[in-house]
Amino acid sequence: MATKRKSKGAYMISSVAEMYAIHPQTLRLYEREGLLKPSRTEGNTRLYTEEDLERLEFILNLARDLGVNIAGIAIILQMRERMEEMNRQMQSFVDYVRTEMLTRVQPGNNSSVPGLVPLRRPVIVPVTQRESKKRS
């Protein structure tokens, strides 16, 4: 089984438990519940990467500081992953639109682009009274 190493090192369960002042059984529970997914050596020893430790710190923050239970932590982690995926998709879409616009609006490109109207003068957006009070 391949070992994932995204950073310089990996930590065994005993080291991680000591670093974060938690019992190794807690780490095993987090793994059983799907909150953590440490890699394994060929001898089946758990190895925690820097990425795993960052995730563990987030989990411990939710549990210790905010009092969130394991089910709540699982939901929060799922929502966080979905939001990150949506963010990646949005960024990909923005990059695509930017590329399309740049290729269509380059100087010397004689093709007319439907829907694009060149601005002949700068657009001035008036400042509302509420915005001007905020600036004062």
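Select from 73, 47, 26 the residue farthest towards the positive end of the dipole of segment 13-104; place +1 on Cβ of Lys and Arg, -1 on Cβ of Asp and Glu, and compute about the Cα centre.
The residue sitting farthest along the positive end of the dipole is 73.
Find the relative contact order for segment 13-104 and round it to a whole percent, using C-alpha pairs within less than 8 Å whose residues are 6+ positions apart.
Result for segment 13-104 is 17 percent.
Only Lys, Arg, Asp and Glu count, each charged at its Cβ (+1, +1, -1, -1), so figure out the dipole size of segment 13-104 about its Cα centre, rounded to 20 debye. Provide the component values of the computation, followed by the final result.
Working: 12 positive and 15 negative charges, 47 e Å.
Roughly 220 debye for segment 13-104.
Can you give me the long-range amide H partners of residue 48? Hydrogens built in the peptide plane at 1.01 Å from N, cutoff under 5 Å, separation of 5 or more residues or another chain.
Result for residue 48 returns 11, 12.
No value in this document is a laboratory result; all are computed from the given coordinates. Please read all numbers here as calculations on a predicted model, not as lab measurements. Positions of Cβ are backbone-derived with ideal geometry, glycine not excepted, and every protein chain shown enters the neighbour counts.
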